[in-house]
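I have placed the structure first, in the form of structure tokens, so that the comments after it can refer back to it.
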């Protein structure tokens, strides 16, 4: 019966052989695809790939503005409630006011 050390060595050897086979198959597949592309005059853009200089994914739509949820009555400054609290709100809360005091 094989020992744990022997089995682990066999596993490592098999993992290495698997990796080499994957790399060989991948290299051959790329060569076949390139040959077909050359034979038919195709580019990456023709088969749905991205062309040079173009983004890989479609551009994201810019997010719209968010309506303010809090307003400083004395200065008119507002905060949507997203992101970091503005300094005027931090100072007011530190001074004893509540966040609800500024709600719209």
Only helices counted: for the chain, with every DSSP H run of 4 or more residues adding -39500 (n - 2.57) and the sum spread over all residues, [θ] at 222 nm is -15000 deg cm²/dmol
If each part is reduced to its alpha-carbon centroid, region 1-38 and region 65-99 end up apart, in Å, by 59 Å
Once you have the Cα-Cα distance between residue 46 and residue 69, take 0.36 nm times their residue separation minus that, and quote the gain in nm to one decimal.
3.4 nm
Starting from 0.36 nm per residue, how many nanometres of slack lie between residue 35 and residue 93 once their C-alpha separation is accounted for?
14.1 nm
How big is Rg to Rh over the chain, alpha-carbon atoms, Rh as the Kirkwood inverse-mean-distance radius?
1.45
Suppose R0 equals 41 Å. What FRET efficiency, 1/(1 + (r/R0)^6) with r the Cβ-Cβ distance, do residue 60 and residue 85 give to the nearest 0.05?
0.95
Among 34, 82, 60, which one shows the biggest mean-square fluctuation in a GNM of the chain, springs joining Cα atoms closer than 10 Å?
82
Please give the helix 4-40 orientation as an angle from the longest Cα principal axis of the chain, in degrees from 0 to 90, rounded to the nearest 10.
90 degrees
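Read-outs throughout are calculated quantities, based only on the coordinates presented, and are distinct from any laboratory measurement. This structure is a prediction, so every number in the text was calculated from the model and none was measured. Quick reminder, even Gly has a Cβ in these numbers, built from the backbone with ideal geometry, and neighbours come from all protein chains shown.
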